[in-house]
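Let me begin by presenting the structure, written as structure tokens, before commenting on it.
Every number here is computed from the coordinates shown, using simple stated rules; none is lab data. Since this is a predicted model, take the numbers as computed values, not measurements. Here the Cβ positions follow ideal geometry from the backbone for every residue, glycine too, while neighbour counts run over all protein chains shown.
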Amino acid sequence: MLIKKVTEKKDVVESYYNSSNILKSVYHIDTKDLDVVFKRGAVYRYADIPLKLFEQFEREQSQGKFLNKKIKNTYTTNKVADVDTQQLVQSINKMIQRNTKIGTIIGNSTDPEVN
């Protein structure tokens, strides 16, 4: 599940997920490359991914299932790195905690405009 999307650079979209297997993706708009960072630290690049397919990937409840079904065996894939994901996992856990707190505050509000 998508928890944060960063579009500070005009040609790159970074997305962070609350997923059992995928931590982060980086979509390069100009080259249509999709880099996926897995929890075990492997980073794979999927080539020539259409923007619409990437947007579907982001919206899915399970990015891992979507990746396996629609991307993995259809597009060229290369392992590009192994990274230490400990700091990334900590950052994502903080994002999840903040989102949970915000959801709790909104969910418990007595203001009908908020709920």
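One table, with the values for the structure above:
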| item | result |
| --- | --- |
| Helix axis angle, 86-107 relative to the chain longest principal axis, alpha carbon, degrees | 30 degrees |
| Interchain or long-range residues, amide H under 5 Å from Ile3's placed H | Tyr16, Tyr17, Asn18 |
| Per-residue HN-Hα couplings for the stretch 36-42 [Karplus 6.51, -1.76, 1.60; θ = phi - 60°; Hz; x = Gly/Pro] | 10, 9, 8, 4, 7, x, 6 |
| Over 26 Å (Cα to Cα) - which of Lys52/Lys79; Lys32/Lys65; Lys69/Lys94; Lys5/Lys79 fall in this group | Lys69/Lys94 |
| Dipole magnitude of the stretch 2-107, debye to nearest 20 (Cβ charges: Lys/Arg +1, Asp/Glu -1, about Cα centre) | 380 debye |
| Percent breakdown of C-alpha pair distances by 10 Å bin, ordered from the shortest bin, for the chain | 13, 42, 29, 12, 4, 0 |
| Computed [θ] at 222 nm, deg cm²/dmol, the chain (DSSP H ≥ 4; -39,500 (n - 2.57); rounded to nearest 500) | -9500 deg cm²/dmol |
